[in-house]
Structures are given as structure tokens and as C-alpha cells.
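Structure first, commentary second.
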Amino acid sequence: MQETPASMNTSVFEDTIARDQRIEPRDWMPDAYRATLVRQIAQHAHSEIIGMQPEGEWITRAPSLRRKAILFAKVQDEAGHGLYLYSAAETLGADRTDMTERLIDGRQKYSSIFNYPTRTFADVGVIGWFVDGAAICNQVPLCRTSYGPYGRAMVRVCKEESFHQRQGYELLLTMMRGTDEQRAMVQDAVDRWWWPSLMMFGPPDDDSPNSARSMAWGIKRHSNDVLRQRFVDMTVPQAEKLGVTLPDPGLRWNEERGHHDFSAPDWDELKRVVSGDGPCNAERIARRRAAHEEGAWVRRAAAAHAAKRTARSRRGAAA
Amino acid sequence: MTDEDLYVDGDGARWAFGTGFTDPLHGIDQTVPDGVDAEDLAACCLALGDDALVSAQRLAEWCTRAPELEEELALANIGLDLLGQARLLYARAGRADGTGHGEDAYAYFRDPEDFRNIRLAELPGGDFAFTVARLLVLSVWRLAVCEALATAPDPVLAAIAAKSVKELAYHRRWAAEWTVRLGDGTEESAARMRAALDELAPWLDELLSDSTAARLGAEPAAVAARTRLELFHVLADAGLNRSTDVSPLDTSAFLPGSGRNGQHTPHLAPLLAELQSVARAHPDASW
């Protein structure tokens, strides 16, 4: 069989992208496209898994059984998202155990937002509203991303994130109708999470080295700044209805642009947190590492049992 | 302004839970039927509700700590099922005992001595083997109880039990599969399973002699016999039986007292202190 010339592969790939069709696992793809996707999907999966921690801490303390059930189910959803994102990465040849090890030893990243602490139960609501809201802005366009398995995983992720955002907002609405103390808790949580949430969209466009190529490949559909603007525009009226103040004196409607103007987040803070110096980086990774290491004997046992069963059934078949 | 208007994008109808959702038994005839002793019914619902809540709390402690993502999901599933059972049972208890209390009054505003869960449920989490072993015992036993209660003379309890049966069948399957994997896996996993079974054996008698649901149709001797037999079969598959006796676990060292009378180990108080911390710190708040 004659090998397909590389130039032909490239042109089929580029044609697929140009026609806005999906690249599937068995299709030829440039190595750099594959590597970029593995990096992005792994980072996304890790974010889901590490993202379980800040809210997961409140499941055992949730102040009503209804809130406990909602939060427990939400954090479980995040584990599910992690699972199907790792599976999407595996279609590109990546291995889940290897990705987990890369997360633990710092070679692969996760979203910096999860390096901030959750101080009160209001944080659960604000994370749902802001963090899941920002994730939705980022992820809805990914439902049309050029790599098929990733896009299809995102469809389900987005539906669940949307539900989570509503649950978060509904908690805050309930708290705002409660006591003065509760209203103060909500405002405090809003003050702490607003800026880190804006940073979730990544650095500004003129300082985002990987963006252009990801856009050209159809992996990424909108720039960081466009998505950040969309989030601000979506959130401002929700904050007004809720009765909280977003902590940005520069925030105002710009009639001419048809968008809200807002101040720039502290990009140095983002760099510090990304590089490992956030309030909870060490704690988050230590927890993930401990779970992985403490579970090693269980995974070994499951593998040993599976091997024994296979051997037994082979012997049974041979007899 | 209505609640619906508050969901800025105007499609509040897509909410699965309305914001006014407070009564899990809403729309159901909650009258206690003639011939059913309301006190027995309330005690049964409270005891089974407390077992479920305390177990769910222990399972929630696994969150982000499971050995594999699939087990993270499974443990959360089981925890959520049990939490759901607790909520329904508390709602029924609140009607049967005449107080009209809602679920949160039972979960958040009772002290440890007022809890009626069996002590096995409150023991600290331990390792994955202990979690599997405890869940195996509790789910086999609770399944036998709920199957019997599915024909209880109180239709509300019967319906809750029937719903629980479906859930518990999965819990039992998950725990049994892991018991076999760990028992048959490596030397370390088998040793850990044996240690876990030894650890829970002294608490088993409290379960096997429990008569909480007796007057509602779950006959203790029948439940105990079935529990022993099922445990025997699972432990046999796992290579963990110590003898061919159908009492696979040595319960001779059982510990006197019962959580059903409010006699608990020192482990329940800290569990509840954590569970109740936020609710009690803000008693006038609405969540």
C-alpha cells in the first residue's frame, strides 16, 4: 500500500477545518494540533477535578438537606465532566494515569480560579453564579470546536454547567431574602470572587501566545477579551436583580459600544497564581496527590483481580 | 416581581426545582391510616432516616478522595440516594409524630443522644476497604428491611421503601463487586478487607437484632437470616469466609447498647457538629 503523501493529509485536514467539519480520532492531524488539544483537554479535565475541592469542602456542612443534595450532586457532576474529558483526551492517545501524574507534579495546569479559598457557604452560590457562568461563556463555543469528541463532551458539560449556574444564583437569591448577616456574606463572596472570575478567560488578547493558532485550527472560537466582555454583560443585570454591587468602580454601560466598560483585573496576580503562588495551589495539589497515592492499592487490587479472572476464564475455556 | 422574573433570562420554567420547593412529600395524602400505630411509624422512619443521613455524611467525606474517578461517582451516587431516603423518611416522621417538623429540624437541630441510627453507620470512615465492607453489610441489611416494608400498612412508608429497594440493590451490587475485587485482588487488599470485616463484626449484632421496623412488616429474624446468608455468599465469592458457617462474621464480641436508644459511640458527636455547624451558627437564616 502506498503511503499517503503528507501534503495530501495536510490538505484534507485543512479542508475539513475550512469547511467547519469535525476532525475525528482516526483522521490524520498535525502533531501540533494533537498536542495543543491534549494540553487543552487535559487542563480542562484537571480543572473539573481540582474544581471539586473548593465546593466539596462544604458538602458535609451544607446548612439544609436540600442544599446538601444540590451541592453533592453538583460536585459529582464535576467528577463526571472530568471523566468524559479525560476520555476525550484518550482518543488522542493520552493516558489518564499519565495525565493525573502530570497534574500532580505540576507539568500540566488547571484553572487558577480553584486556587482561591471558599470561606463561607455564600461562596458556593457565588461560584455557581460567577465561576460556572464564566465557564459557560468559555465552553459554549467549544461545543463547535473542530475536534469531534471534545465538542460532543462539551455539549453535555455545558448543559450541566448551566444548571449549576442557576442553582448558585438561586441560593444567592434565597440568601439575599434572609438575614442582614446573610446579605453581607453574599456581598463579601461577590467581592472576593469577581476579579478571579474575570481572570478565568485568560490573559488579554495581546498577551495570549497560543490563541491565534488555536483560533486558526478552530479549537478556539472567540478571543479571551470577547468572552470576558460577554461574561460582564451577562452578569451586570443579574447583579442588579440580586441586589449586590460588583466591586469595580469603573464598571458602567457604554452606549456607543453597546457593552459595559470595566476595569482590568490585576494581571500580575493571575501570573502569580498560574505559576503556583496562589492562596491554595499547594493544598489543592496535595489533596489530589494524597487521593491518588492512597488509592494506589485499590487500583492494584482491581487490576490483579481482573487479570486473575481473565486467566481463570481462559483456563475454563481451554479445559 | 415574581420568582420567575428574577431569573433574568426569563426562562425560569426550566428549573427542575421550583424555589418554593420545601416539602418532599408535597401532594401526597399524608394521613396515617387506621390500624397503623403513629408512634411506631415515626420511630421507624426516624431510625431508618438517621441511618441513611449518617451513612450519607460518611460517604460525603470521600468526596475528592476516592481511589479512582469512577468510584468518586459511585460513592457520590450512593451518598445521594441515602440522603434522598433520609429526607423522605424525615418528612414522614414529622407527620407521624404529630410535630409537623420538616426534614431540617431532624437533621440539624437534634443532639447526638436524640439520634437513633445504629452505631455501625457512625464509625469513622476508615480506608476504602472499610467503606466497602460497611456498605456491604448496611446495604444487604437495609435492602432486606426495605423489601419487607414495601408492603407496609402505611402507604407512604411503603412507597419510600419501594423506591429505596431499587437504589439499595445498586449499593449492594457495587459493594459486593468491590468486596470480591479486594478479597481476590492482592495480598494487601485481602488483608485490608479481612481487617475491615473484623473491625465491623462487633457492631453487627445491633443490626441483626434490630426490631425498629418489626411492627410495620420487617420481621427481625427473617431480615437477619437473609442478611447473614447474602453476606455469606458474597464473602465466599471473595474468598473471605472464615468457615462454612452461614454466620460469616464473628459477632461474639458484640458491644452492648444500641444507637436505637440514643447510646452512641464518641464518633457521632463530631460528625453531627460538622453537619450542623453552619445551620446552627445562623439559626434565623434561610437557605
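The values are calculated or read from the model by the stated rules, or taken from the named source; none is laboratory data. What you are looking at is a predicted structure, and each value in this text was computed from that prediction instead of being measured. Positions of Cβ are backbone-derived with ideal geometry, glycine not excepted, and every protein chain shown enters the neighbour counts. Side chains are part of the model used for accessible areas, which takes the heavy atoms of the whole protein and leaves out ligands, DNA and RNA. Shrake-Rupley method; radii C 1.70, N 1.55, O 1.52, S 1.80 Å.
Of note:
- Only the Cβ atoms of Lys and Arg (+1) and of Asp and Glu (-1) were treated as charged; on that basis the dipole of chain A about its Cα centre amounts to roughly 1780 debye.
- Nearest-ten-degree value, helix B:128-149 long axis tilted from longest Cα axis of chain B: 70
- Summed over both chains, the area buried between B and A is near 5300 Å², taken from the accessible surface of protein heavy atoms with a 1.4 Å probe.
- Tensor-based shape of the range A:85-175 (alpha-carbon gyration tensor, a/c under 1.5 rounded, otherwise prolate or oblate): oblate
- For residue A:300 and residue A:252, the difference between the fully extended length at 0.36 nm per residue and the C-alpha to C-alpha distance is 11.6 nm.
- Folded to 0 to 90 degrees: helix A:281-294 orientation relative to chain A principal axis, Cα: 40
- Annotation: residue A:205 carries an accessible surface of approximately 60 Å², with a 1.4 Å probe and no ligand, DNA or RNA atoms counted.
- Among B:238, A:72, A:292 the positive-end extreme of the charge dipole of the protein assembly as shown (Cβ point charges): B:238
- FRET efficiency, 1/(1 + (r/R0)^6) with R0 25 Å, evaluated for residue A:206 and residue A:31 via beta carbons: 0.35
- Computed FRET value (nearest 0.05) for residue A:319 with residue B:199, which takes r as the C-beta separation and R₀ as 35 Å: 0.35
- Overall form of the protein assembly as shown per C-alpha gyration tensor (a/c, 1.5; a/b vs b/c): oblate
- Counting only Cβ charges, +1 for Lys and Arg and -1 for Asp and Glu, the dipole size of the range A:12-56 around its Cα centre is about 80 debye.
- Entry note, chain A: the mean residue ellipticity at 222 nm calculated from DSSP H runs of n ≥ 4, each adding -39500 (n - 2.57), is -20500 deg cm²/dmol after division by the residues and rounding to the nearest 500.
- Placing +1 on each Lys and Arg Cβ and -1 on each Asp and Glu Cβ, with no other charges, gives the protein assembly as shown a dipole about its Cα centre of roughly 1660 debye.
- Proximal charge balance of residue B:88 [Cβ under 9 Å; K/R count +1, D/E count -1]: +2
- Heavy-atom surface of chain A, accessible at 1.4 Å and reported per residue (Å²): 44
- Counting only aspartates and glutamates at least 8 places from residue B:166 when in the same chain, those with an alpha carbon closer than 14 Å to its own are B:81, B:147.
- Estimated FRET transfer efficiency (residue B:162, residue A:101; beta-carbon r; R0 51 Å; 0.05): 0.65
- Within the accessible surface of chain A, defined with a 1.4 Å probe on protein heavy atoms only, the carbon and sulfur portion equals 52 percent.
- Taking label points 7 Å from Cα along the Cα-to-Cβ direction, residue B:111 and residue A:267 give a separation of 6.0 nm.
- Burial annotation for the range B:180-215: residues with an accessible-area loss of at least 30 Å² between the isolated chain and the complete set of protein chains, computed on heavy atoms with a 1.4 Å probe, are B:181, B:184, B:185, B:186, B:188, B:192.
- Simple spin-label estimate for residue B:40 and residue A:259 in nanometres, 7 Å along Cα-Cβ: 7.0
- Overall shape: oblate for the range A:5-318, with the ratio a/c of the largest to smallest alpha carbon gyration tensor axis at 1.5 or above and b/c at least equal to a/b.
- Surrounding net charge for residue A:154, when Lys and Arg each add one and Asp and Glu each subtract one, Cβ distance under 15 Å: +1
- Against chain B, whose longest principal axis comes from its Cα atoms, helix B:220-237 is set at around 60 degrees.
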